[in-house]
Structures are given as structure tokens and as C-alpha cells.
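To keep things clear, I will list the structure first and then write my remarks on it.
The values are calculated or read from the model by the stated rules, or taken from the named source; none is laboratory data. Remember, it's a predicted structure, so these values are computed and weren't measured experimentally. When we count neighbours, we look across all protein chains shown, and the Cβ atoms used for this are built from the backbone with ideal geometry, even at glycine.
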Amino acid sequence: MAADYFSFTQKIFDPGKVQQKAEALKGIRVLDLSHMIFGPVAAKFLAQFGAEVIKVEVPYQGDHWRGATYWGKYWKHSNPLWNFINHSKYFVAIDVKRPKGKDLILKLAEKSDVVIENFTSGTVEAWGIGYTQVRKMNPKVIYAGLSTFGQFGPNRFFPGWDLLAQGASGMLSISGHPETDRYFKIPDFYGDFLPGFFAGMMILFALLHRQRTGEGQYLDVCQAEILMRGLFHFTHQSVAKEELGRTGNIDPTMSPSGIFKTRDQKFVALAIGTDPQFKSLCKAMNRPDLLDGEGMKKAAVRLKPENARRLHDVVKDWVRSQDEKELLEVGRKFAFPLSPVMDDLQICHDPWRRERGSVVLHDDEMYKKLVLSGPMAMLSKTPARIKWLTRPLGYHNRYVFKKILGLSEKQIQDLEKERVVGYWDYRVGQRPPVYYDIERDPIFNYKGGEDH
Amino acid sequence: MQKRGSGKKISEWSQFIADLPTLEGKPEALENTLVLDLSYANFAGIMASSFFAEAGAEVIKVEPAEGDPARVMSPFGMNVKGVGVPFLMESRNKRHITLDLNEERDRENLKQLVVKAQVIIETFPPGELDSLGVGYRQLTELNPGLVYVAITPYGHYTDKAKEFRKMPWADLTSQAESGLPALIGDLADAPEPYNWPTRAGFYAAGYATAVGAATGALVALFYQRLTGEGQMVDIASADAYASCVGFPPTIGYVWKKPRPRYGTLDYGLCPYGFFKCQDGYVAIACFRDQDFRAALKILGLWKLEEDWRSLLDRITDDINKVKELNQKIEETVAGYTYQEIFEKFSAYSVKAARSKWKGGGLPVTTKMLTPKEVLESEHWRVRKSFEAINHPTFGIFTVPLTGKMSRTPLRIKWVSAQIGEDNEYVFKKYGLKKESEDRRGERGEQ
């Protein structure tokens with residue numbers, strides 16, 4: 001390895017320089033009509049890379065996730081867990097069920113490159129803001145309709161979210177121990193977040209196509225189908241003609257593998273993929289005998305169920321005789337996959353993640369300091385960034401209506417009186433923190449001019 | 001009642017949606033895009049390049065002569081003619097060639113490809129390709145527009161990345177380091193090992209890493225098409241899952257303690273999960289108070305309403321409290337069949353939707369299906385969510401596909417999975433130099 005490689009990479013990825021670098025999606029306007037997690041995450045992903053994302057909510061109600069914190073723990077009158085779903089967006093509140101509200105949304109859609117919604121199939125069409133209506137005024141629009149079961153097929157009208165998508169896709173049935181009757185869901189709304197990023201990927205395909213041809217299109221983004229795309233179990237079923245079922249902590253594609261308890265009562269994960277890795281493991285365990293006989297040097301042989309289980313038990317005993325710290329050092333030294341089982345607190349305070357920029361301590365003008373996740377991918381020239389945290393309901397009404405739609409103060413006040421547009425009510429999750437002087441906020445009271 | 005005229009709108013929509021799944025005559029989003037996939041023993045890389053291939057890019061997977069070890073990574077070794085199940089599933093629309101990057105001639109061949117490529121994906125230890133003269137620094141000189149995607153456990157920068165640079169990829173270790181198994185598993189009072197951290201039963205971290213890599217690469221490709229400038233895209237698989245779901249860092253900061261394993265309970269809502277019924281497992285998921293009230297009415301548990309009325313009564317930080325409510329739901333659901341629950345819920349939802357009273361709640365449910373049952377489902381058959389492949393070498397098998405786009409749908413055009421299967425095509429098309437004629441003899445050998 002060239003000696004200066006890491007000083008070169010450190011320079012091109014310097015997290016201190018992120019805010020000064022270019023934004024790849026600058027100039028792309030996204031109208032985010034979605035709520036909860038699945039849709040908002042797709043829009044957040046585009047916002048991270050510089051798109052101007054306008055999130056539309058129902059006045060005096062807002063996105064249901066505004067109030068949905070864990071364990072009743074609010075933070076500065078907001079839901080801290082809403083920030084990594086919706087940061088860096090513009091927050092407007094428009095009532096789609098009033099004709100003037102519908103018109104406002106259509107005007108925004110006309111000036112947008114991308115529209116994202118995640119209501120049950122047919123809902124936005126019935127409201128008059130669906131793809132068939134928007135494409136008439138904006139034929140180049142990329143309109144992403146996100147739903148659990150998709151826009152066609154017999155189950156299209158079934159509502160759903162993460163939990164239901166996990167159940168309907170087969171994902172729920174494959175985790176845990178085979179001899180138990182308890183099925184654990186994949187936590188943290190994986191079934192919303194992963195499909196949300198997948199939707200972002202489909203939108204980028206559409207943007208790249210439009211960049212080349214000028215054509216817009218409609219995307220039927222199906223949550224359960226996206227979860228199915230990540231499982232090899234269907235192909236396995238078609239080839240093996242039997243269900244793979246659950247395999248507990250053994251990853252059946254790696255042998256040996258498992259999650260094991262150490263002498264000092266910690267947990268580590270270990271999974272051997274290749275033949276050289278297995279050799280290293282045997283050396284580290286001082287068990288050269290394991291390489292003898294019946295082709296154990298070959299992954300294909302080690303993966304056979306009886307061998308996979310036997311090796312799992314060998315590693316289990318070895319791990320039980322060592323402390324976590326020693327094991328991690330052995331894994332590093334002998335270069336086979338071994339890692340700690342980390343929890344929320346360890347991830348939050350992991351120095352490597354802070355240095356890398358995948359866990360970020362953000363200092364926000366309204367909410368001050370909060371730790372939240374950074375992007376999955378680090379880009380050397382156009383990195384993702386956090387511009388601001390979430391904002392109270394309707395916070396950017398004036399900014400968006402004046403700057404993008406050219407409405408006057410008088411017109412906005414009339415819309416407010418008719419309750420076509422609106423703001424927060426008393427509920428936590430919607431309103432600004434008590435210490436914050438919203439009346440002096442130049443964005444909330446936007447008069448014109450400056451970009452924010 | 002729908003307003004007059006809205007019927008017409010719906011029919012325009014119906015017409016549009018009926019035409020949506022058609023592939024015929026539709027272009028592909030990434031026509032004229034060349035992607036090189038050098039991933040080695042790393043399914044995150046392999047999956048990332050699959051998405052490019054589904055969208056129409058020419059994807060060339062480069063392997064050493066003995067093949068990528070990922071070919072063998074398959075459930076309990078299950079394979080078709082030496083090719084494992086996950087590898088076969090991800091071999092859609094790709095070209096498979098062999099190059100020996102330790103040989104000068106093949107490094108020149110790689111450079112020859114890089115000059116024409118837009119994207120390269122590699123998963124070697126950081127610095128390894130650089131020391132061979134074909135890393136980001138050197139390739140970007142040849143092709144300033146190149147998007148260079150690197151996937152490794154700890155990334156290509158930071159001190160830890162340097163110290164752990166030789167650590168290989170595995171999905172299970174990526175899951176563990178991303179905080180996933182710490183949250184799956186039974187309650188602390190359950191016996192060992194059921195209360196241990198538990199693995200998600202599929203490549204949960206690998207899939208997140210792949211989507212993270214592909215989305216990052218596409219953002220870079222979009223910028224490249226605007227400005228001509230390429231860049232490096234760095235993914236850390238030990239971290240991608242945590243960045244995808246986002247909960248662990250913020251929970252750690254605000255709550256100042258980690259969440260314990262919660263068994264089949266939920267951290268945010270109760271009841272929220274799958275409950276055992278007479279013939280399977282059924283979802284009972286109450287998000288809002290009105291959904292909870294609806295579920296109680298349907299299940300004949302209205303007497304519980306007073307004690308558990310609002311979301312604040314059902315906050316799940318007191319585990320013994322929510323266990324009590326959860327257990328009552330468990331006991332009741334156990335007396336029904338899935339069909340009974342489904343019909344009760346559906347009838348209630350239809351009634352509530354028609355009612356002028358908005359507080360009716362929307363109880364929704366579904367049955368937990370196994371992959372086998374999913375394959376038999378009429379809904380996914382209509383949506384063509386699975387494609388049956390009939391391959392001359394690998395026989396008949398099924399693969400999942402999604403990505404229904406009205407103009408540029410994702411698609412599967414062919415499967416090519418043998419080592420060096422496309423050497424001849426690729427070497428000729430891109431003018432690469434052969435070692436000798438017997439390189440072609442490697443085709444089809446396992």
C-alpha cells in the first residue's frame with residue numbers, strides 16, 4: 001500500500017469541508033406530500049444532497065410522526081426521532097380538502113421536478129393532485145407513488161406500513177430461533193427506511209433519464225416488493241424445493257458464523273466467508289486440526305448443515321474463553337470478520353463514526369445540539385449534509401408561498417383566514433420550543449429577498 | 001359520495017395504471033452507461049451493481065480466474081452447478097469476465113475498460129488497488145469523470161479504517177456493529193440463548209449497504225452528467241444500516257441509555273406486532289387512539305378501554321405494564337382464525353370509512369407469510385414481482401424483481417453466471433488483450 005494513501009483520502013473526505021462543497025441535486029425541487037416514514041425518507045435522501053424539498057402537511061394536525069416519540073420522551077417540545085426522517089426540508093401546511101388548498105398544491109407541483117406521495121392507492125387521484133392531473137400542467141414531472149402493496153394488483157387498496165410489509169413480504173417469518181413460536185420484527189422501521197432509500201434510487205434513475213431525454217414518468221414504488229427484493233429465500237425455495245426457515249444466530253451462507261457470548265459477558269459476531277479467512281481463524285484459535293479431513297478447507301463443505309453446526313459450537317466454546325477486547329484484537333490481527341455487538345449508546349459515542357461523519361453532532365439555530373445519523377454514502381466532491389433540523393408546522397409557509405408562488409402578504413393572510421393554510425396547535429411535536437422567539441424569526445416572518 | 005366528474009379522473013388513472021407494467025418499446029434509464037463491478041466476497045457490492053444492471057447499464061463483473069468466493073456463499077452450500085443461490089439471484093443482466101489484477105497485462109485491460117466506464121465498484125481493502133496502480137488516484141487521471149465506489153467495513157479514511165483495513169466484509173458483523181442484533185431477541189427474563197442479541201435472518205445490513213452504495217453512486221453520476229466531474233463514493237458496511245434507519249445515534253444522545261431487547265413488543269406502540277392465532281400469525285397494529293378503540297371493539301375487549309385510553313397510557317417504557325396489555329391481546333387473538341380477524345377488521349374499516357364520524361379508526365391487518373406462501377400469492381403474481389427464469393445451464397428458478405417505472409421500468413433481460421462466460425464478448429467489444437487463446441478455455445469450468 002502506498003504510504004500516503006490514507007492522508008490522500010483523509011484530505012478528499014475531510015468532514016470539516018463538507019459545508020463548502022458543491023451540492024449535486026441543487027436546483028431540483030421536490031414536492032413531498034408524504035407522511036410517516038417511508039415517503040419522507042425518500043425526500044430526505046434527496047434533501048441531503050441538495051434538493052429543495054417542500055414538505056406539505058395538514059394544518060393544525062401535521063404528520064402523525066411529529067408526536068410519535070418513544071416512551072413519551074419529548075425534547076424541546078418536539079419529537080427528537082423526527083429529525084433524521086425530515087431534516088433540511090421546507091415545512092408548509094396546506095389543506096388539500098379545500099379547493100384553494102388543492103390549487104396551491106397543484107401550483108407547487110407545476111413548479112417541481114419530483115412529487116412524492118405515500119397514501120393508499122387512488123387517494124391522491126381522488127383529491128385531484130395525482131399524476132394524471134399534475135402531468136397535464138407539468139409533463140416532465142417525476143411522480144413517485146409509494147405504497148405498501150403497489151398501485152395495481154388485488155391488494156392495492158390495503159393500507160399498510162413497515163410492520164405489515166414485513167409480514168406480507170416473508171421478511172418477518174425468517175428471523176429468530178426455529179424451535180420457538182415467537183417471530184421478531186426487524187426493528188427501527190427497516191421496512192420503511194430501506195424502501196424509502198430504494199424509492200430515492202428509483203427517483204434518481206428517473207432524473208438521469210430525464211436529464212438525457214427530457215421525459216418525466218410515474219413510479220409505482222411498492223414497499224413489500226422492495227423488501228422481497230432483498231431476500232434470497234424465494235430463489236432458494238425454487239431451487240431447493242423446501243423452505244429455508246429460521247436458523248437462529250447462524251448465517252447459513254457463512255461457516256462458521258454466529259453471535260457468541262464472551263468470557264466477560266459481552267457479545268461478538270463472527271462470520272467466515274472465504275477459505276483464507278477460515279485458515280486465519282484456525283490459526284487464531286490454535287486449532288490447525290479443523291483444517292484436516294473431508295475438505296474442510298473449502299467453504300462449500302464447511303457450509304453443509306452438520307459442519308456449520310459443529311463449527312458454530314467450536315467457535316462458541318473458544319469465544320467463551322476470551323474477553324471481548326482480546327477477541328477484537330485477534331480478529332483485526334488475523335483479518336477475519338469479527339465485530340462487537342453494538343448498542344444505541346455505543347453507536348452514538350463511537351469515535352470512528354464521529355470522525356467519519358456518519359454520526360453527526362449538529363448545532364441547529366432553533367433546537368441547538370442534537371446527534372443524528374449522517375449519510376450512508378460519503379461523496380468526496382458533493383457530500384450529503386444536514387442544513388437544519390425539523391421545523392414547526394407551517395414554519396416555511398411565508399417563505400415558500402412568497403418566493404416560489406409569488407403570493408403577497410395580503411393573499412397569504414386571506415388564505416390563513418379561510419384556513420386553507422395554517423400552523424401548529426398546542427400539541428407537542430408541532431410547535432416551536434418555549435425559549436424560541438418565533439415572532440423575531442426572519443424565515444417564519446419572511447418578507448422577501450434573501451434565500452434561506 | 002364522489003363529486004360529479006371524479007369518475008372520469010379515476011378512469012384516466014385506471015387506464016394509465018393498466019399500461020404501467022408493459023415493458024414493450026420502453027427505453028432504459030441507464031442506456032450507454034458502463035459499470036465495472038470488481039467486488040470480491042462482498043454481496044453489498046454485487047447487489048449494488050445489480051441495480052445498475054436492472055436499469056439498463058452494461059455491468060461487467062470482473063473476477064479472478066478461480067471466481068469470486070461469493071459464488072459459494074449460499075444457504076448451507078445450496079448451489080446449482082457450483083453457483084450459490086444469492087449469486088445466481090444477483091447475476092441478472094451482467095457480463096462475467098476474468099482478469100488477474102496481479103498481472104500487468106490485465107491491469108492494462110482494466111484501464112482500457114475504465115476509460116469507457118462511468119462507474120466502478122470495488123470492495124478490496126482500502127489502498128490495495130492504489131498500490132497496484134489502479135486505485136481512485138490513478139484511474140481518475142485516466143478518466144476524470146469516473147465515479148469510484150468503494151465498499152469496505154470501515155471505509156477508506158479515518159484512523160480506524162487504516163488500522164482495520166484488512167478486516168473482510170460479512171453481513172452478520174455489519175449487522176452487529178450497526179446496532180441491529182442488539183435490538184432483536186427475547187426479553188431479559190427469557191432463557192439463554194433466546195434473550196441474546198439475535199441476527200436478522202437475511203442480508204439486512206448487506207441490502208442497506210448496497211442501496212446506500214447505489215444511491216450514492218447515482219447522485220455522483222447525476223453530478224458527473226452535469227459537470228463532467230467524477231468523484232469517490234465511500235461506503236462503510238459496519239455503519240450503513242445504522243445510517244439507514246437512523247434511530248441508534250439519536251436514541252443514544254437523547255435517552256442516554258441503550259434500548260434493551262423487547263421480544264415481540266414494540267418500543268413505541270402497544271399493541272403493535274404479530275400475534276399467534278389459530279392458524280398462523282396476524283398483525284394487530286394500533287397507531288392512533290381511534291385505531292386502538294376500534295381493535296378493542298372488534299376483539300370484544302372494550303372493558304380494557306378505560307385503563308388504556310390514550311397513547312400516554314400505552315407508552316411502552318414500563319415493560320411490565322405493556323406486557324399486561326399485550327398478554328390480554330395475545331390471549332384473545334389466540335381464539336380466532338386469521339380469516340375471522342381479517343373479516344372483522346375489514347368490515348369495521350369499510351364502515352368507518354363511510355361514516356361521517358371521523359373518529360372511527362382504521363384497523364388494518366395482514367397475515368404473516370413465509371417466503372413459500374408469498375410465492376403463491378395472487379397479488380404478487382399479478383404484479384409480476386417474481387420472474388421465473390428458464391436457463392440452459394441453471395435450469396428453472398425464480399428471482400424477485402421490483403422497480404415499476406412507467407417509462408424506464410427495471411427489468412431482467414438475461415442471467416449470466418458462469419466464470420468468464422462473457423470473456424469473448426467483452427474482450428472483443430472493448431479491445432482487451434488476451435493472455436493466449438486458452439483463456440477462453442476457462443469458460444464454463446467450475
Residue hits (segment B:76-95; among the charged types (D, E, K, R) and either within 14 Å of residue B:42 (Cα to Cα) or outside any loop (DSSP other than H, G, I, E, B) (or both)) are B:90, B:92, B:94, B:95
Residue in segment A:237-248 that is in contact with an Asp or Glu (Cβ under 6 Å, 6 or more places away or on another chain) and of a type in the set (Asp, Glu) present: no
Of the listed residues (A:229, A:182), the one being of a type in the set (Lys, Arg) and modelled with pLDDT under 95 is A:182
Residue that is nearest to the other protein chains (Cβ to nearest Cβ) [pool: residues in segment B:39-92 that are hydroxyl-bearing (Ser, Thr, Tyr) and touching a Ser or Thr at 6+ places or on another chain (Cβ under 8 Å)]: B:74
Just the residues that are of a type in the set (Asp, Glu), under 30 Å from residue A:427 (Cβ atoms) and assigned to a helix (DSSP H, G or I), please, taken from segment B:312-334. B:313, B:324
Looking at segment A:146-167, which of its residues are of a type in the set (Gly, Ala, Ser) and in contact with a Gly (Cβ under 7 Å, 6 or more places away or on another chain)? A:165
Six or more apart or on different chains, Cβ under 6 Å: which pairs go from a residue in segment A:302-328 that's over 21 Å from residue B:73 (Cβ atoms) to one that's assigned to a helix (DSSP H, G or I)? Could you list them? A:318/A:285
Tally, over segment B:69-87, of residues that are surrounded by fewer than 24 Cβ atoms within 10 Å (Cβ to Cβ) and among the charged types (D, E, K, R): 1
Residue set A:275, A:251, A:292; condition acidic (Asp, Glu) and touching a residue at least 24 places away in the same chain (Cβ under 8 Å); output residue A:275
Does residue B:236 satisfy the condition of being crowded, with 24+ Cβ neighbours inside 10 Å, aliphatic (A, V, I, L, M), more than 7 Å from chain A (Cβ to nearest Cβ) and in contact (Cβ under 8 Å) with a residue 40 or more places away in the chain? no
Out of the helices (runs of 4 or more DSSP H) lying entirely within segment A:214-299, which hold 2 or more residues that are crowded, with 22+ Cβ neighbours inside 10 Å and facing another protein chain (nearest Cβ under 7 Å)? A:223-229, A:233-240
Among A:124, A:92, A:115, which is away from chain B (no Cβ under 14 Å), buried (at least 24 other Cβ atoms within 10 Å of the Cβ) and either at pLDDT 95 or above or part of a helix (DSSP H, G or I) (or both)? A:92
Among (1) touching an Asp or Glu at 6+ places or on another chain (Cβ under 8 Å); (2) of a type outside the set (Val, Ile, Thr); (3) within 11 Å of another protein chain (Cβ to nearest Cβ); (4) surrounded by fewer than 24 Cβ atoms within 10 Å (Cβ to Cβ), where does residue A:150 come up short? (4)
Qualifying position, being touching a Cys at 6+ places or on another chain (Cβ under 7 Å), at negative phi and in a helix (DSSP H, G or I), among A:84, A:193, A:198: A:193
Number of positions in segment A:300-330 that are at the interface with chain B (Cβ under 7 Å from one of its Cβ atoms) and in a helix (DSSP H, G or I): 3
For segment A:105-155, the count of residues that are among the aliphatic types (A, V, I, L, M) and without any contact (Cβ under 8 Å) to a residue 12 or more places away in the chain equals 1
Only one of (1) within 27 Å of residue B:200 (Cβ to Cβ); (2) modelled with pLDDT of 95 or more fails for residue A:159. Which number is that? (2)
Tally the residues that are facing chain A (nearest Cβ under 7 Å), under 19 Å from residue A:249 (Cβ atoms) and outside any loop (DSSP other than H, G, I, E, B), restricting the search to segment B:146-174. 3
Inside segment B:185-198, the number of residues satisfying the requirement of being surrounded by 24 or more Cβ atoms within 10 Å (Cβ to Cβ) and either in contact with a Ser or Thr (Cβ under 9 Å, 6 or more places away or on another chain) or assigned to a helix (DSSP H, G or I) (or both) is 2
Residue check for residue B:176: free of Cβ contacts under 8 Å to residues at least 60 places away in the same chain and either closer than 30 Å to residue B:257 by Cβ or buried (at least 22 other Cβ atoms within 10 Å of the Cβ) (or both): yes
Here is a check on your reading of the model: is residue A:25 part of a loop (DSSP other than H, G, I, E, B), modelled with pLDDT of 95 or more and either more than 23 Å from residue B:16 (Cβ to Cβ) or out of contact with any helix residue (DSSP H, G or I) (no Cβ under 7 Å at 6 or more places or on another chain) (or both)? yes
Quick check on my filter: what residues within segment B:378-424 are free of Cβ contacts under 8 Å to residues at least 40 places away in the same chain, buried (at least 20 other Cβ atoms within 10 Å of the Cβ) and among the small types (Gly, Ala, Ser)? B:385
Residue B:253 being surrounded by fewer than 24 Cβ atoms within 10 Å (Cβ to Cβ), more than 30 Å from residue B:157 (Cβ to Cβ) and facing chain A (nearest Cβ under 8 Å): no
Those helices (runs of 4 or more DSSP H) completely within segment B:335-384 that have 3 or more residues that are among the polar types (S, T, N, Q) and more than 8 Å from chain A (Cβ to nearest Cβ) are B:338-354
Considering segment A:364-399, residues that are more than 7 Å from chain B (Cβ to nearest Cβ) and farther than 16 Å from residue A:89 by Cα, and then whichever is surrounded by the most Cβ atoms within 10 Å (Cβ to Cβ), we arrive at A:383
Given the residues B:55, B:44, which is the only one that is in the same structural domain as residue B:237 (by TED's automatic domain parsing), of a type outside the set (Phe, Trp, Tyr), in contact (Cβ under 8 Å) with a residue 24 or more places away in the chain and over 30 Å from residue A:241 (Cβ atoms)? B:55
Subset of segment A:285-299 (residues that are modelled with pLDDT under 90 and either touching a Phe, Trp or Tyr at 6+ places or on another chain (Cβ under 8 Å) or closer than 12 Å to residue A:275 by Cβ (or both)): A:295
Restricting to segment B:395-410, count the residues that are assigned to a loop (DSSP other than H, G, I, E, B), more than 23 Å from residue A:148 (Cβ to Cβ) and more than 7 Å from chain A (Cβ to nearest Cβ). 0
So, of the residues in segment B:208-233 that are without any contact (Cβ under 8 Å) to a residue 12 or more places away in the chain and of a type in the set (S, T, N, Q), which turns out to be surrounded by the most Cβ atoms within 10 Å (Cβ to Cβ)? B:215
